[in-house]
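The structure appears right after this line, and notes come after that.
The values are calculated or read from the model by the stated rules, or taken from the named source; none is laboratory data. Predicted, not measured: the structure shown is a model, and the values here were computed from it. Positions of Cβ are backbone-derived with ideal geometry, glycine not excepted, and every protein chain shown enters the neighbour counts. Heavy atoms of the whole protein, side chains included, go into the accessibility calculation; ligands, DNA and RNA do not. Shrake-Rupley method; radii C 1.70, N 1.55, O 1.52, S 1.80 Å.
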Amino acid sequence: DVKTTILGKSHYLLYGLSTAMQPRMLVTFDEELQPLPVSVRVGQAVDVVGQAGKPKTITGFQTHTTPVLLAHGERAELATEEYIPVTTIMEGFVILKKNPDF
């Protein structure tokens, strides 16, 4: 029963629960750590393990400008090749550098 457990004698569980909660978001920065609004595609994540070539990792996407909130099961990818992400995972705080070939 939630009322007797979390709201009753074990109310201290809320402290551990609240520190574990965080929104899934995507915020992009340039190399000087200044906020950098770029276009990203946000859509449902697709499992691409073992597929040949460079398959799309999302389906049914919408284009947004960062910062964006990601729902459960969603993934983001850059809409253009103007910037290159330093990390492989596009989630949380991502540093982007200018693409020299663009």
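List of remarks:
- Just one of the numbered conditions (1) aliphatic (A, V, I, L, M); (2) touching a residue at least 40 places away in the same chain (Cβ under 8 Å); (3) part of a loop (DSSP other than H, G, I, E, B); (4) open to solvent by less than 80 Å² (accessible area, probe 1.4 Å) is not true of Val94: (3).
- For the stretch 82-91, a residue qualifies if it is under 10 Å from the mean Cα position of the chain (by Cα) and either surrounded by 13 or more Cβ atoms within 10 Å (Cβ to Cβ) or of a type outside the set (Val, Ile, Thr) (or both), and the qualifying residues are Met90, Glu91.
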